Amino acid sequence: MQSPVSPTSPTQHSESLEDEFRRHWRSSTDDNNLTLHGFRRFKTSHLLSLRFLEEEIAETDHTIYQAGLNSDLDPTSIDRLGLKHSIKDVNPPEIATTITRELILQLRDLLKQYDEALIAFNQIMAMETFSLLDDEKQSNLRTDLSLYEIYNTRLVRVDLGARSKQDPFQRRLHKVLRSFRYWKLAQRSQSNREGLGSFGARHKWSYQNTVLLAEIVGRVIVAAVTGIFLVVPLAILSHQSSKATQLGTVAVFIVTLSILVSVMLKASNLEMMVVSAAYAAVLSVFVSNVPQ
C-alpha cells in the first residue's frame with residue numbers, strides 16, 4: 001500500500017524550505033506596508049468550509065428534531081418553533097438508539113467549530129482590504145494567477161483597525177482606483193511580451209495604497225461638497241428679498257443635502273436627522289438676518 005504524500009513532499013511543494021524562507025523573509029522585512037501587512041483572506045475557502053460545517057450540523061439537527069417529534073410529546077401552547085407543522089419522516093429514528101453520548105459530543109464539537117468560524121469570518125470581512133494588484137511585488141510572485149485573477153484577489157491589512165462602517169461613496173472610490181490600476185498594468189503587460197513579472201532584480205516595484213488614497217480623495221470631495229452647500233445658498237439668499245423665495249431656496253437645499261447624505265454616506269437615520277437639522281439651523285439664522 002502506498003503511503004500518503006506528506007505536506008512537504010516535493011511532489012506537492014516544488015520549492016525548497018530554504019527558498020521559501022528567503023521569500024517569506026523578504027516580505028516580512030519589507031519597507032512597504034502593503035507587502036509587510038497584506039495577507040490573503042481566502043473568502044471562497046472560508047465560505048466553503050462554513051458550508052461543509054453547516055451541512056454536517058444540519059444533518060445532525062434533522063436527526064435530533066425527528067427524534068423529538070417521535071417522542072409523542074405535545075407541543076407547547078404557543079409553539080414558537082411550529083412543531084405541529086413539521087413533517088415527520090416515514091421511518092423516524094428511535095430516541096434510545098439515536099440520542100447517544102457520542103452524538104452529543106459530536107454536535108458540541110461541530111457547533112464550537114461553526115461558531116468560532118462564523119465569528120472569525122465576520123472579523124476578517126470587517127478588515128480593510130486592497131487588491132493584490134496594488135502590491136506589484138507580491139502579485140509578481142503569483143505565477144499561478146492571471147492578471148484578472150490578481151485584480152480580483154483581495155488582501156487584508158492586519159496593521160489597520162476593523163472598519164466600523166464604510167459608506168458607499170468611499171467603496172466606489174476604492175473600485176475606481178482599483179480599476180484604474182488594473183487598466184494601467186494591463187496596458188503595460190500587453191506592451192511587455194514577457195508579461196507583468198519580467199522585471200529584473202533592480203526593478204523598483206510600484207504600489208498603490210488604495211485605502212489611504214480613497215480616504216484622502218473622499219474627505220476632499222466631501223469637504224468641497226459641504227462648502228458648496230454652505231456658500232451657494234448664502235449667496236443666493238443675499239440677493240433675494242422675498243420671504244417666500246428665501247424659504248423655497250432653503251427647503252430645496254435642505255432636501256437635496258439630506259438625500260445626498262443618505263445616499264452617498266452610510267449615515268444612520270439619527271445622524272441624517274442631526275445633519276439636516278444643523279444645516280437648516282444655519283440657513284434659518286441667515287434668513288432671519290437678511291433685511292426686508
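Data table
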| read-out | value |
| --- | --- |
| Considering residues of region 122-139 that are out of contact with any Ser or Thr (no Cβ under 9 Å at 6 or more places or on another chain) and touching a residue at least 60 places away in the same chain (Cβ under 8 Å) only, the residue nearest to residue 209 (Cα to Cα) | 128 |
| Residue 50 being surrounded by 10 or more Cβ atoms within 10 Å (Cβ to Cβ) and modelled with pLDDT of 90 or more | yes |
| Which numbered condition residue 86 misses (of (1) in contact (Cβ under 8 Å) with a residue 24 or more places away in the chain; (2) surrounded by 11 or more Cβ atoms within 10 Å (Cβ to Cβ)) | (1) |
| Residue 95, sole failed condition from (1) in contact with a helix residue (DSSP H, G or I) (Cβ under 8 Å, 6 or more places away or on another chain); (2) surrounded by fewer than 10 Cβ atoms within 10 Å (Cβ to Cβ) | (2) |
| Test for residue 112: is it farther than 16 Å from residue 43 by Cβ, modelled with pLDDT of 95 or more and loosely packed, with under 12 Cβ neighbours inside 10 Å | yes |
| Failed item in (1) under 19 Å from residue 182 (Cβ atoms); (2) not assigned by TED's automatic domain parsing to the domain that holds residue 189, with residue 140 passing the rest | (2) |
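The values are calculated or read from the model by the stated rules, or taken from the named source; none is laboratory data. If you're wondering where the values come from, they're calculated on a predicted model, not measured in any experiment. Cβ coordinates were reconstructed from backbone atoms using ideal geometry, including for glycine residues, and neighbour counts include every protein chain displayed.
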